[in-house]
1. Which condition number does E243 fail, the rest of (1) within 22 Å of S15 (Cβ to Cβ); (2) crowded, with 16+ Cβ neighbours inside 10 Å; (3) touching a Phe, Trp or Tyr at 6+ places or on another chain (Cβ under 7 Å) being met?
2. Can you run down the residue pairs with Cβ atoms below 8 Å, 6 or more apart or on separate chains, where the first is in segment 113-136 and free of Cβ contacts under 8 Å to residues at least 24 places away in the same chain and the partner is part of a loop (DSSP other than H, G, I, E, B)?
3. Residue pairs, Cβ under 6 Å, 6 or more apart or interchain, first in segment 70-85 and in the same structural domain as L234 (by TED's automatic domain parsing) and more than 11 Å from V34 (Cα to Cα), second among the polar types (S, T, N, Q) and in a strand (DSSP E or B). List them.
4. Take P112 and tell me if it is in a loop (DSSP other than H, G, I, E, B), on the phi < 0 side of the Ramachandran plot and touching a Lys or Arg at 6+ places or on another chain (Cβ under 6 Å).
5. Given the criteria farther than 15 Å from V95 by Cβ, within 15 Å of the chain's Cα centre (by Cα), small (G, A, S) and buried (at least 16 other Cβ atoms within 10 Å of the Cβ), does A28 qualify?
6. Kindly establish whether N144 is assigned by TED's automatic domain parsing to the domain that holds A207 and in contact (Cβ under 8 Å) with a residue 60 or more places away in the chain.
7. Give the residue that is farthest from the chain's Cα centre (by Cα), with candidates limited to residues of segment 253-281 that are surrounded by fewer than 17 Cβ atoms within 10 Å (Cβ to Cβ) and either more than 16 Å from G18 (Cα to Cα) or in contact (Cβ under 8 Å) with a residue 60 or more places away in the chain (or both).
8. Within segment 46-82, restricting attention to residues that are assigned to a loop (DSSP other than H, G, I, E, B) and among the hydroxyl-bearing types (S, T, Y), which residue is surrounded by the fewest Cβ atoms within 10 Å (Cβ to Cβ)?
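The values are calculated or read from the model by the stated rules, or taken from the named source; none is laboratory data. Worth saying up front: this structure is predicted, and the values here are computed from it rather than measured. Positions of Cβ are generated from backbone atoms using ideal geometry, with glycine treated the same way; all protein chains shown enter the neighbour counts.
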Amino acid sequence: MTHKAEFDVIVVGGSYAGMAAALQLARARRRVLVLDAGQRRNRFAATSHGFLTQDGASPAAIAERAREQLLAYPTVQWRTTTAHDARQQDSRFLVTTEDQATVSGSLLVLAPGVIDEMPTLPGIAERWGKSVFHCPYCHGYELNQGRIGVLATGAHSLHQAQMLPDWGSVTLFTNGTFAPDDAQRADLQARGVVIETAAVTRIIDTATVLLSDGRQLPQDGLFTACRTRPASPLGEQLGCAMEAGPLGPFIQVDALKATSVPGVFACGDAARGAGNVALSVGDGTQAGVSAHRTLLFS
């Protein structure tokens, strides 16, 4: 059944960025609706790192505690659903959910997160977030300066291979996707990176790399640079400008997290080239404050 409900701000996405935005608005006693499908990007990881006071905590526990605290504010509503469509009508935004309900708000905050497009190599998906990662700041320290593989997905993998020697002994598996030039090869070798050009056929055990010539190279962890895309099409539907990042498109925002569409803000991984929990919380806080100031002064 279709119905309309009035809110000051609708937040699309209830992970770390979305909840941080909603919290600022709730504390300003604004009517906030959070629409969330329950698919946090880091749901595959057992622990989260680099977020002050929560280093080593379960991502699920951080999110659940944040949700409990947010819903203690009486002006906040939460619906576990997917936002399928968003449009402007007069001075408001209408958002339609998967059950065909329509809600309206004066402003929108888009915090849908992103989808990681992992390499299709056998063994990657089931190890994602456990022994195969994308962010060294999130997971590098726990590898205890051990053996670290970088599975190249393109030229942008050079950056990972250059960084990761701070966390362990690195082997770059070019896998036919990237050929370092002479200067890049010299730089990698100066950093102690081993370059392996044989094709990778599968990942087994913890993170052992099987090569096409039959060799097996055990690793303590494997990093790969996934392509990403926003987990919701709402930004593009509304006409928000997009930016082409090295790993994929994201919603373009200014320093206040405002998009190119007046009244629409965006935060978290969907609105930056790369991110983590701490950055998402900071982005969401800024988006919430900016949305509140827009309600006050626009």
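1. (2)
2. Correct list of pairs: A125/M118.
3. H84/T96; D85/T96
4. no
5. No: the conditions fail for A28.
6. yes
7. Top of the filtered list is P262.
8. T53
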